[in-house]
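Report on the structure given below.
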Amino acid sequence: MRFQTLLVPARLIRRYKRFLADVILDDGREVTAHCANPGSMMGLADEGMKVWLEPNDDPKKKLKFGWRLVDHENGHFTGVDTSVPNRALKAALMAGEVPGLVAPLVRPEVKYGEKSRIDFLLSGDGPDCYVEVKSVTLCRQAGLAEFPDSVTARGLKHLGELTKIAQGGERAVMLYLVQRTDCDRVSIAADIDTAYATGLQGAMAAGVEVMCFDCTISPEGIDVGKALPFIPV
């Protein structure tokens, strides 16, 4: 998935009200960027961090920059836009490039359950496959990506919906897409959200599959990468 416009570098001043970030561009201008991330962004929103912004000239948008990446300045990047994983995964699924998730028909945002929408419904070969996607950006231990970075009632609801799908005999997949280039394994941050960790254990016991993939990330774009091992809690 390529970014629509060329990203520009900046330095973070502060992130506030969850969806706003003040930054300083290389030319010295201070601007406010949209931050498409409702999580805590633990370890990713410290003052002075190098970030990459996507500019836009859309007259309908009040903010003319969107925060897309954190540049760790050691060769590694983290993608902070939580809408990106679905866009990147859609392209990979449509191209049949995701091992274990190849199907003739890929439909995004399909209604199911109790007023929910599944991220992707794969069909055409055997039972339908329901795929829920979560963006993973938390890293507190070298090489280990963790989800979630804050309590997620919505995420817990999704686990419940997937559990019902699996119990009904169809395929249900919880897919964690790691938007970091410095992690090689994935686990659950049970100390941050005990209810979510317990919910995932129940979902897996009911037959929900867990898949994890990393991403290749650069200021040019983000693509789905290789499978990563999942470490249960």
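General remarks:
- Probe 1.4 Å, accessible area per residue of segment 189-233, Å²: 43
- Residue of 196, 112, 176 that the Gaussian network model of the chain assigns the largest fluctuation, springs spanning Cα pairs under 10 Å: 112
- Relative contact order for segment 13-134, counting Cα pairs under 8 Å that sit 6 or more residues apart, in percent: 14
- Net charge, residue 115 excluded, C-beta distance under 11 Å - Lys, Arg +1, Asp, Glu -1: +1
- Fraction of accessible area attributable to carbon and sulfur, segment 61-206 (%, probe 1.4 Å): 52
- Given 60/115; 17/64; 164/226; 90/164, the pairs whose alpha carbons are separated by over 27 Å: 60/115; 164/226
- Across the alpha-carbon set of segment 1-134, the Rg to Rh ratio works out to 1.06, Rh being the Kirkwood radius.
- Estimated vicinal HN-Hα couplings, Hz - segment 227-233 in sequence order (Karplus 6.51, -1.76, 1.60; Gly, Pro = x): 5, 10, x, 9, 10, x, 8
- Cα convex hull of the chain, projected area averaged across orientations, nm²: 12.9
- Panel values: segment 124-233, Kirkwood radius from alpha carbon pairs, Stokes-Einstein at 20 °C and 1.002 mPa s, translational diffusion coefficient 150 µm²/s.
- Gaussian network model of the chain, springs between alpha carbon atoms under 10 Å - residue of 116, 187, 218 with greatest fluctuation: 116
- Kirkwood hydrodynamic radius over Cα pairs of segment 51-90, then Stokes diffusion coefficient at 37 °C and 0.692 mPa s, in µm²/s: 285
- Solvent-accessible area per residue for segment 54-138 (1.4 angstrom probe, square angstrom): 49
- Shape summary of segment 65-197, radius of gyration then Dmax from alpha carbon positions: 15.6, 47 Å.
The values are calculated or read from the model by the stated rules, or taken from the named source; none is laboratory data. As the structure is a prediction and not an experimental result, all values here were calculated from the model. Every residue, glycine among them, receives a Cβ derived from its backbone with ideal geometry; neighbour counts consider all protein chains shown. For the accessible areas, the whole protein counts, side chains as well, though only heavy atoms, and no ligand, DNA or RNA atoms are used. Shrake-Rupley method; radii C 1.70, N 1.55, O 1.52, S 1.80 Å.
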